[in-house]
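Everything below concerns the one structure shown next.
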């Protein structure tokens, strides 16, 4: 099933959010209205565990729209997946087509896209200290820091970032809405899911990221394995797939292990059972990580039945599938459907 009304907020002519590299703000506005939006780099020191002193620095980009939506001051906190960084949300190719940041700014919401621990410009602790739980506590600190300026905080996630967002919402209950893209639970594992661990190897051996770490617990994907796991190649631009391979990032073995564990816990034991805010779950119909063997994601009702049991206390639950799309929803030709549907849902939830 496909999303009704999804194109109502298409991203044509939206604000230029600017793509931030390191500490420089790079913006190419095409109009006076676009120039009125602004982005700036933000750094925040965080603790890795509750009660511990600050031990790491998180780097992010905060973007503010030229005009706020009628819903008031909202910020979308953007949590990327494993072996990615904040650039997933503001992809530099396609003249903004793949940029969730641009879409949100056009809709009158601020965005805060950050690099999770150990990737991008954020500091890198020992790999044994970085797990889904650690990332959830970091996210909580970021949310707490934003709350004074933003009455409404939406957490928008992708892949492993979805597990981070779920854990944060379950443990701390301090966000207003949760969007989970590219993440399902239970038994619906695809071929890509079975290859998750075999596709990763020590980052120190990789030609793209080897210079970044000597810690064997930091890992990345084997060369040439991302296209048919993270993409549905017939529906993605080959240039995007190539850029993705050339600009991949890292994650930890511990994060992969803890994500596999929390993802497969049954509903009664899963953190999802403690999420009480409105939740939107979106998955591509050809997501190789979660669809294909035991779950046909082209059947929206089957996805609904499989996933609904995991969110018994959510204030509301919306589950949608996106046609002709793989795991990385924001990086397929259907990205405008994904982005505009999320915006529609955030206005109505």
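Here, each number is a calculation from the coordinates, and none is a lab measurement. Please read all numbers here as calculations on a predicted model, not as lab measurements. Methodologically, a virtual Cβ is constructed for each residue, glycine included, from the backbone with ideal geometry; neighbour enumeration extends over all protein chains shown.
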Mean projected area (nm²) of the alpha-carbon convex hull when the range 204-349 is viewed from all directions: 9.9
In nm, what is the difference between 0.36 nm times the number of residues separating residue 95 and residue 211 and their Cα-Cα distance? 38.8 nm
In Å, what is the Rg of the alpha-carbon atoms in the range 128-175, and how long is Dmax? 10.6, 35
What is the P(r) of the range 91-171, as percent of Cα-Cα pairs per 10 Å bin from 0? 16, 43, 34, 8
Inter-label distance, nm, simple model (7 Å from Cα along the C-beta direction), residue 57/residue 348: 4.4
Radius, Kirkwood style, for the range 259-302 when every pair of distinct Cα atoms is counted (Å): 12.3
With r defined as the distance between the Cβ atoms of residue 50 and residue 149 and R0 fixed at 22 Å, what FRET efficiency is calculated, to the nearest 0.05? 0.40
For the pair residue 198/residue 174, report the inter-label distance in nm, with labels modelled 7 Å from Cα in the Cβ direction. 4.2
In this structure, the FRET efficiency calculated for residue 261 and residue 42 from their beta-carbon separation, with R0 = 30 Å, to the nearest 0.05, is 0.40
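Per the Kirkwood treatment, what hydrodynamic radius in Å, one decimal, follows for the chain from the mean inverse distance over all distinct Cα pairs?
19.8
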Gain on full stretching of the segment that runs from residue 242 to residue 68 - 0.36 nm per residue minus C-alpha separation: 59.1 nm
Report, to two decimal places, the Cα Rg of the range 71-122 normalised by 2.2 N^0.38 Å (N = number of residues). 1.17
